[in-house]
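Engineer: Take a look at the following structure, please.
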Amino acid sequence: MALHLIKLCVGIDRLDQLQALYLARIKARIARGERPNPFHVTRMTPRRADEVLDGGSLYWVIKRVVQARQPIVAMEEVIGEDGIKRCRLVLGLDLIPTAPQPRRPFQGWRYFKASDAPPDLMARGGGAELPGELRAHLREIGAW
């Protein structure tokens, strides 16, 4: 069973905002002739990297709610401008909306068991096409 990572998506208020940011970055990388995959650089390399790379995803918490995931396709060691080793999480091109799941704030990333992860919206029976504000309202009133 795959092991996932979970991370707060700082500076993003809505899932469509994250999607637009990633699309812009992908287009810019393609224009420069670089690999298009989005990535996230973190200070700590997961010790359980083999389990994460065996089908794991990075789950994004936006405004205290897990809202999406991206498959993790590789982990690369990179050296920052300060000379410190870091880990680049290379992500898949797909940003997959998930069923909303409330989460308390935390720092950095955490391991996220597959049994604790919310299902994809499409696997759950829809909702991906709904505007984020409507999904949030349905969640607030307990209808979702």
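Here, each number is a calculation from the coordinates, and none is a lab measurement. Fair warning: this is a prediction, and the values are worked out from it, not measured in the lab. As a convention, Cβ positions derive from the backbone with ideal geometry for all residues, glycine included, and neighbour counts pool all protein chains shown.
Engineer: Based on the Cβ-Cβ distance of Lys85 and Ser115, what FRET efficiency does E = 1/(1 + (r/R0)^6) give at R0 = 22 Å, to the nearest 0.05?
Structural biologist: Values: r = 32 Å, r/R0 = 1.44.
E between Lys85 and Ser115, to the nearest 0.05, is 0.10.
Engineer: By how many nm would the segment from Leu134 to Asp94 lengthen if fully extended, with 0.36 nm per residue of separation less the alpha-carbon distance?
Structural biologist: Computed gain between Leu134 and Asp94 is 12.2 nm.
Engineer: Taking the Cα atoms only, what angle lies between the long axis of helix 15-31 and the longest principal axis of the chain, rounded to 10 degrees?
Structural biologist: The helix 15-31 is inclined about 30 degrees to the chain.
Engineer: Long-range amide H contacts for Val65: which residues qualify at under 5 Å (H placed 1.01 Å from N, peptide plane, sequence gap of 5 or more or a different chain)?
Structural biologist: Arg103
Engineer: Could you work out the helix-only [θ] at 222 nm for the chain, with each DSSP H run of four or more residues adding -39,500 (n - 2.57) and the total divided by the number of residues, to the nearest 500 deg cm²/dmol? Let's see the in-between values first.
Structural biologist: Values: 4 runs with 34 residues, N = 144.
Result for the chain: -6500 deg cm²/dmol, rounded to the nearest 500.
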